[in-house]
Amino acid sequence: MNFGHFDDENMEYVVTTPKTPLPWINYLGSNDFFSLISNTSGGYSFYKDAKLLRLTRYRYNDVPLDSNGKYFYIKDGAAIWNPGWQPTKTELDEYECRHGMGYTKFHGKKGDISANVLCFVPMDDTCEVQKIVVTNDGSSEKKIQLFSYVEFCLWNAMDDMTNYQRNLSTGEVEVIGSTIYHKTEYRERRNHYAVYSVNTKADGFDTSREDFIGVYNSGANPDAVIEGKCRNSIASGWYPIASHQIDITLAPGESKSYVFVLGYCENPKDQKWEAQDVINKAPAEKMLAKYQTDEDVDKSFDNLRTYWKKLLSKFTVNTKNDKVNRMVNIWNQYQCMVTFNMSRSASYYESGIGRGMGFRDSCQDLLGFVHLIPDRARQRIIDIASTQFQDGSAYHQYQPLTKKGNSDIGSGFNDDPLWLIAGTSAYIRETGDTTILDEIVPYDNDMSVATSLFEHLTRSLDYIINHKGPHDLPLIGRADWNDCLNLNCFSEHPGESFQTFGPSEGPVAESVFIGGMFVKYGNEYADLCDFIGKKDEADRARSEVEKMVKALLGAGWDGKWFIRAYDANGNKVGSNECDEGKIYIEPQGFCVLAGVGVETGEAQKAMDSVKEMLDTKYGIMILQPAYTRYHVELGEISSYPPGYKENAGIFCHNNPWVSIAETVIGDGDRAFEIYQKTCPAYLQDISEIHRTEPYVYSQMVAGRDARFHGQGKNSWLTGTAAWTFTDISQYILGVYPTLKGLQINPCIPHGFGDFTVTREYRNAVYHITVKNPSDVCKGVLKMTVDGNDISGNVIPYDPSKKDVNIEIVMG
Ligand code: BGC
Ligand code: NOJ
């Protein structure tokens with residue numbers, strides 16, 4: 001069942017009913033100010049950090065779902081409604097929500113009145129702009145009222161929901177004309193405040209929630225709106241809000257528009273005050289002055305649209321498959337940018353008060369946006385590497401505001417170091433910028449022990465080499481990519497965190513998955529060494545890779561697939577010998593995509609086993625059979641009911657690993673089949689089952705053992721975005737950046753047809769045409785660059801060229 005449709009031309013998803021199975025959200029903001037906004041106007045805003053600098057309040061676990069947001073009410077006689085439907089949920093005659101690139105639009109109509117709302121965060125300001133146009137579609141004059149509503153959060157979102165004994169006495173506001181200032185805690189240690197304003201004279205306002213809504217009412221029936229009269233209340237403690245009342249007269253056919261701005265402002269410490277207790281409003285006035293007319297808004301909105309158009313033109317594909325086109329050209333890249341901005345902090349599943357920036361998550365996210373914003377990717381790599389420890393291990397997370405490692409969670413996730421090699425290699429393959437390797441980067445933010453970034457990578461590699469277990473496989477530490485495979489944890493009491501309980505390292509438990517990663521990124525490291533003339537180091541790395549391949553095909557091989565791990569007692573995990581959890585997806589995907597067993601046949605066997613034992617119509621499950629009881633020696637993985645999350649869910653993140661692995665062995669049909677199964681655009685028609693947004697990936701889809709097989713959860717902030725983009729763009733369409741230039745090596749399904757790709761790469765635009773006259777899956781028969789035949793399939797990098805035309809004939 002569909003709840004909307006794609007509008008590819010405008011790069012929008014059009015939600016056509018407010019009653020979606022779950023809130024379907026969008027993100028506004030590109031730099032420092034962000035808003036989450038749902039298709040019913042739910043969501044909240046923050047500046048830089050969703051925990052520490054939150055402007056508006058969101059209520060988790062609330063009923064009805066997604067019931068706090070930033071709302072407009074229209075009162076038309078006895079009818080009270082919202083253009084985004086919530087919170088009054090008045091049935092609308094017309095409703096539409098368009099989620100676009102960094103903006104969301106609503107259209108609502110009830111009786112003779114229609115309202116169009118546009119919400120976006122300008123490129124270069126710390127505010128959300130909302131333009132609302134109300135129109136009288138009837139034939140007689142109308143007198144209506146418009147009320148705005150935002151509820152302020154007392155900045156620290158965690159404190160805001162817990163510390164009422166203090167918070168209910170701290171709220172403070174100022175009101176000047178149509179501008180409401182939220183200044184809680186400004187009198188003491190803050191030098192920032194929020195502002196909510198409208199570009200017209202308000203006929204009334206409220207800043208106290210109790211006055212506007214009423215003590216026992218809700219957003220669905222606020223007293224002030226019902227009575228058509230704000231109280232002009234000045235909040236003092238309790239619950240500060242901002243609401244404007246605008247009385248409007250509309251002639252038949254007449255439209256009026258209003259511009260609202262919700263902003264974040266800062267003052268230098270010594271310029272906080274205008275007078276005793278009166279905040280310095282200069283930064284707010286400066287910001288508001290920029291959004292006083294429709295033209296101002298249109299100009300700023302055009303800038304935003306141009307930014308996204310330009311950004312997304314860096315990689316575009318044209319195939320005969322419109323679902324592939326729209327995912328690659330629009331939504332997959334857009335989601336990658338959202339993961340760049342948010343990491344795993346703020347979504348409708350991540351509260352914005354929990355995790356900071358993940359070390360491994362951020363390195364992997366980079367794979368999806370490095371071609372879009374290489375300079376920011378460069379800085380991100382330095383930030384991440386600055387939290388590494390001197391022995392090559394890493395803080396598992398760091399805080400976005402301070403950029404310091406998070407000691408609450410610490411280190412011990414032994415896959416982390418290798419992801420730094422993955423990210424850096426991707427950056428250099430993209431840009432050719434090897435100077436990043438010479439950057440002097442601290443360890444644990446301590447500049448006195450800083451070394452070159454290259455040395456960081458060496459220590460990453462050596463960390464794995466120096467931490468091997470009884471089978472010469474890498475020690476797993478707290479966990480590897482699978483945070484829930486906690487082989488050294490042995491937690492027996494509720495409330496102990498699986499991520500931090502127990503020792504961070506054990507001498508026995510080993511990970512086959514990290515072994516696969518070592519092969520993949522050990523080779524990429526060796527290539528980098530060759531590229532910068534460090535031949536001996538390249539040889540050393542390759543000989544270590546060879547040893548690892550041996551271990552993987554020895555103790556790491558179970559006969560028909562790769563084992564997952566050895567536990568702390570030396571028992572196999574993910575082996576045919578196990579009763580539950582006989583086979584796991586991660587080592588199959590990663591070992592094969594790294595090339596392990598490709599020549600000796602194990603790779604094909606592993607892929608066959610995945611198909612036979614893990615595949616479902618909604619994607620590949622993470623393991624089978626699901627764990628049906630708690631295994632203290634395995635940890636969190638066995639804490640989930642069968643079919644959910646890491647216990648046999650379809651973890652979308654590692655489906656592309658298997659798809660990429662299939663391209664490595666040349667099976668384009670299977671690679672594409674896997675790609676399709678989790679691809680949102682293909683799931684749109686089963687939205688009643690899938691439930692999450694049909695334009696972005698979710699972390700997990702419930703597996704076959706689950707009661708709700710096929711149901712998605714945890715949309716938006718997932719490494720799935722970066723990995724599926726890597727899969728489709730670099731392996732299936734086959735446009736792969738190497739250190740020496742772009743390589744074109746598609747692996748497509750039969751019947752895929754010819755296609756073209758436009759790809760910006762190192763300051764030139766590559767216009768690539770792929771022809772497949774014999775309808776093969778893989779193989780490049782012939783390649784011409786600007787009309788000249790060249791041998792091989794890597795386009796030699798020529799910095800003097802601005803446009804390069806490539807034709808490939810497959811065969
Ligand atoms: C989740 C994992 C996640 C981890 C992060 C676990 O509860 O199942 O998916 O990586 O928390 O801390
Ligand atoms: C989500 C985490 O963000 C990621 O780091 C981890 O790899 C996966 N869950 C799998 O556990």
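Show me the strands (runs of 3 or more DSSP E) found entirely inside segment 711-811 where at least 2 residues are in contact (Cβ under 8 Å) with a residue 24 or more places away in the chain, buried (at least 20 other Cβ atoms within 10 Å of the Cβ) and touching a strand residue (DSSP E or B) at 6+ places or on another chain (Cβ under 9 Å). Steps first, please.
Details: elements: 712-715, 735-737, 742-744, 755-761, 764-771, 780-785, 788-790, 803-810.
Those strands (runs of 3 or more DSSP E) span 712-715, 735-737, 742-744, 755-761, 764-771, 803-810.
Run down Gly515, Gly522, Gly502 and say which single residue is in contact with a helix residue (DSSP H, G or I) (Cβ under 9 Å, 6 or more places away or on another chain), at positive phi and either within 16 Å of ligand 1 (Cβ to nearest atom) or among the small types (Gly, Ala, Ser) (or both).
Testing whether each residue is in contact with a helix residue (DSSP H, G or I) (Cβ under 9 Å, 6 or more places away or on another chain), at positive phi and either within 16 Å of ligand 1 (Cβ to nearest atom) or among the small types (Gly, Ala, Ser) (or both) leaves just Gly502.
Assess whether Asn332 counts as being within 22 Å of Leu742 (Cβ to Cβ), touching a residue at least 60 places away in the same chain (Cβ under 8 Å), polar (S, T, N, Q) and more than 16 Å from ligand 1 (Cβ to nearest atom). Can you show your working first?
Numbers: within 22 Å of Leu742 (Cβ to Cβ): yes; touching a residue at least 60 places away in the same chain (Cβ under 8 Å): yes; polar (S, T, N, Q): yes; more than 16 Å from ligand 1 (Cβ to nearest atom): yes.
Against the criterion (within 22 Å of Leu742 (Cβ to Cβ), touching a residue at least 60 places away in the same chain (Cβ under 8 Å), polar (S, T, N, Q) and more than 16 Å from ligand 1 (Cβ to nearest atom)), Asn332 qualifies.
Please enumerate the residues belonging to segment 442-482 that are part of a loop (DSSP other than H, G, I, E, B) and more than 22 Å from Ile381 (Cβ to Cβ). Write out each step before concluding.
Going through segment 442-482, the residues part of a loop (DSSP other than H, G, I, E, B) turn out to be 444-445, 466-467, 469-473, 476, 478-482.
Passing the criteria: Asn466, His467, Gly469, Pro470, His471, Asp472, Leu473, Ile476, Arg478, Ala479, Asn482.
Could you tell me whether Glu688 is farther than 22 Å from Leu593 by Cβ, over 14 Å from the mean Cα position of the chain (by Cα) and more than 16 Å from ligand 2 (Cβ to nearest atom)?
Details: farther than 22 Å from Leu593 by Cβ: yes; over 14 Å from the mean Cα position of the chain (by Cα): yes; more than 16 Å from ligand 2 (Cβ to nearest atom): yes.
Here the answer is yes, as Glu688 does meet what is asked.
Would you please list the contacts, defined by Cβ atoms under 6 Å and residues six or more apart or on different chains, that run from a residue in segment 632-661 that is touching a residue at least 24 places away in the same chain (Cβ under 8 Å) and acidic (Asp, Glu) to a residue that is in a helix (DSSP H, G or I) and near ligand 1 (Cβ under 9 Å from one of its atoms)?
Glu646/Ile637
Output the residue which, of all residues in segment 575-606 that are β-branched (Val, Ile, Thr) and crowded, with 24+ Cβ neighbours inside 10 Å, is farthest from Gly666 (Cα to Cα).
Going residue by residue through segment 575-606, those that are β-branched (Val, Ile, Thr) are 583, 585, 592, 596, 598, 600.
In the following step, the residues that additionally are crowded, with 24+ Cβ neighbours inside 10 Å were identified as 583, 585, 592, 596.
Working: Ile583: 23, Ile585: 19, Val592: 12, Val596: 14 Å.
Only one residue tops the list, namely Ile583.
May I ask you to list the residues in segment 349-372 that are among the aliphatic types (A, V, I, L, M) and either at pLDDT below 95 or near ligand 2 (Cβ under 10 Å from one of its atoms) (or both)? Lay out the reasoning, then the answer.
Looking only at segment 349-372, we keep the residues that are among the aliphatic types (A, V, I, L, M), and these are 353, 357, 366-367, 370, 372.
Answer for segment 349-372, where residues must be among the aliphatic types (A, V, I, L, M) and either at pLDDT below 95 or near ligand 2 (Cβ under 10 Å from one of its atoms) (or both): Ile353, Met357.
Taking segment 142-194 as the region of interest, how many residues are within 14 Å of His244 (Cβ to Cβ), among the small types (Gly, Ala, Ser) and out of contact with any strand residue (DSSP E or B) (no Cβ under 7 Å at 6 or more places or on another chain)?
Residues flagged as within 14 Å of His244 (Cβ to Cβ), among the small types (Gly, Ala, Ser) and out of contact with any strand residue (DSSP E or B) (no Cβ under 7 Å at 6 or more places or on another chain) within segment 142-194 amount to 1.
Do you know which residues across segment 368-384 are in a helix (DSSP H, G or I), touching a Gly at 6+ places or on another chain (Cβ under 9 Å) and of a type in the set (A, V, I, L, M, F, W, C)? Before you say what the answer is, go through the steps one by one.
First, pick out the residues of segment 368-384 that are in a helix (DSSP H, G or I): 368-369, 374-384.
Of the ones still in play, those that are also touching a Gly at 6+ places or on another chain (Cβ under 9 Å) are 368, 377, 380-381, 384.
Residues satisfying the conditions are Ala377, Ile381, Ile384.
Could you tell me whether Asn523 is farther than 30 Å from Glu455 by Cβ and either surrounded by fewer than 24 Cβ atoms within 10 Å (Cβ to Cβ) or within 16 Å of ligand 2 (Cβ to nearest atom) (or both)?
Numbers: farther than 30 Å from Glu455 by Cβ: no; either surrounded by fewer than 24 Cβ atoms within 10 Å (Cβ to Cβ) or within 16 Å of ligand 2 (Cβ to nearest atom) (or both): yes.
For Asn523, the condition - farther than 30 Å from Glu455 by Cβ and either surrounded by fewer than 24 Cβ atoms within 10 Å (Cβ to Cβ) or within 16 Å of ligand 2 (Cβ to nearest atom) (or both) - is not met.
How many residues are without any contact (Cβ under 8 Å) to a residue 60 or more places away in the chain and over 23 Å from Tyr47 (Cα atoms) when one looks only at segment 395-413?
Matching residues across segment 395-413 total 2.
What single numbered condition from (1) closer than 29 Å to Phe33 by Cβ; (2) within 16 Å of ligand 1 (Cβ to nearest atom); (3) part of a loop (DSSP other than H, G, I, E, B) fails to hold for Gln364?
(3) is the only condition that Gln364 fails.
For residues that are within 12 Å of ligand 1 (Cβ to nearest atom) and crowded, with 23+ Cβ neighbours inside 10 Å, scanning just segment 340-358, find the one that is farthest from Leu36 (Cα to Cα).
Gly358
The values are calculated or read from the model by the stated rules, or taken from the named source; none is laboratory data. The shown structure was predicted, so the numbers you read here are calculated from the model rather than taken from an experiment. No Cβ is skipped: glycine too gets one built from the backbone with ideal geometry, and neighbour counts run over all protein chains shown.
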